[in-house]
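Accompanying notes for the structure given below.
Read the figures in this text as sums done on the coordinates, not as results from a lab. Please read these numbers as outputs of a predicted model, since none were measured by experiment. Neighbour counts are summed over all protein chains in view; Cβ atoms, including those assigned to glycine, are modelled from backbone coordinates with ideal geometry.
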Amino acid sequence: MIFSDGVLADASTVIPLTGAFMLITILVVYGGVEEGIERWAKVLMPLLLVLMLVVIFRAVTLPDAGKGLNFYLNPNFSKIDGAVVLAALGQAFFSLSLGMGAMITYGSYLPKRENLIISGGYVALFDTAIALMAGLMIFPAMGAGASETATEGGPKLIFVVLPRIFAEMPLGRFISAAFFILLSIAALTSMVSLLEVVISYFVDETKWTRQGIAWVMGGIIFLFGLPSGLSQGAVPALSDMSWLVGDQLLGKEFKESPATFLDIMDFIWGNISLAL
């Protein structure tokens, strides 16, 4: 979707924000596992949980929140098809960092006496619990919003629909701020874990220092990430990729809006590459 009226359509905003976020990620990983990642995780993860509980409480107490809860908690099994199964598998692989080397990397930091089966089970359990809690934040708010656009998914739901719904709520600014802080924390922790995989490999296999490879790989990732960031309206050729894929990509249809560069990358890496 092209957000021509928002900050995502402004390259002069997207590029500095992308750079700032990447810089924070580099600085966290720069400090190593104990001094960097663990120290930040001890602060960010409890904060994430507290903010989630606050937003959930406000969302489920909204008028007509029951509509969203009913939609969320009462599955329609007739809608399950191959595309849904593929999307679910892609989400599971991505959410658990499978196929990225993250589990192997962090597993190598565990003591030898650690039970990997039990630890892996806890990871899957808590990951699923957090995902369910995220749904309890979003869907009640959508039900309270009661608008046609609230049925849309993807980036537009997060960056356009939900802010409009929040704006109509009592204490909407507070809830909106808390929600996007949550989103930023979740994104930061994901970025840190993925960058650590690359850095760990180069530190183990080459003579590079952790600090040096952190800056080099962080810069490369920033450059490779720009096309996705600029594909939400800032660069028309990247924001409408129908000239390349039409309205369908390996079974995924783009009916309501043209496929963007980000859509294509998300589909390829999330649903194909991770599974391979």
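Tabulated data for the structure shown
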| item | result |
| --- | --- |
| Rounded to the nearest 20 debye, dipole of the stretch 7-273 from Cβ charges on Lys, Arg, Asp, Glu | 520 debye |
| Debye, to nearest 20: dipole size of the stretch 1-145, +1 on Lys, Arg Cβ, -1 on Asp, Glu Cβ | 320 debye |
| Computed label-point distance, nm, for sites Ala87 and Thr209 using a 7 Å Cα→Cβ extension | 4.7 nm |
| Inter-centroid distance (Cα atoms) of the stretch 11-31 relative to the stretch 213-235, Å | 10 Å |
| Total formal charge among the other residues, if their Cβ is under 10 angstrom from that of Thr260, Lys/Arg +1 and Asp/Glu -1 | -3 |
| Computed FRET value (nearest 0.05) for Phe224 with Ala186, which takes r as the C-beta separation and R₀ as 25 Å | 0.75 |
| FRET efficiency, 1/(1 + (r/R0)^6) with R0 22 Å, evaluated for Ser119 and Val197 via beta carbons | 0.80 |
| Among Ser193, Leu53, Ala177 the positive-end extreme of the charge dipole of the stretch 7-273 (Cβ point charges) | Leu53 |
| Sequence ranges 173-186, 111-124, 190-203, ranked by mean other-Cβ count within 10 angstrom, highest first | 190-203, 173-186, 111-124 |
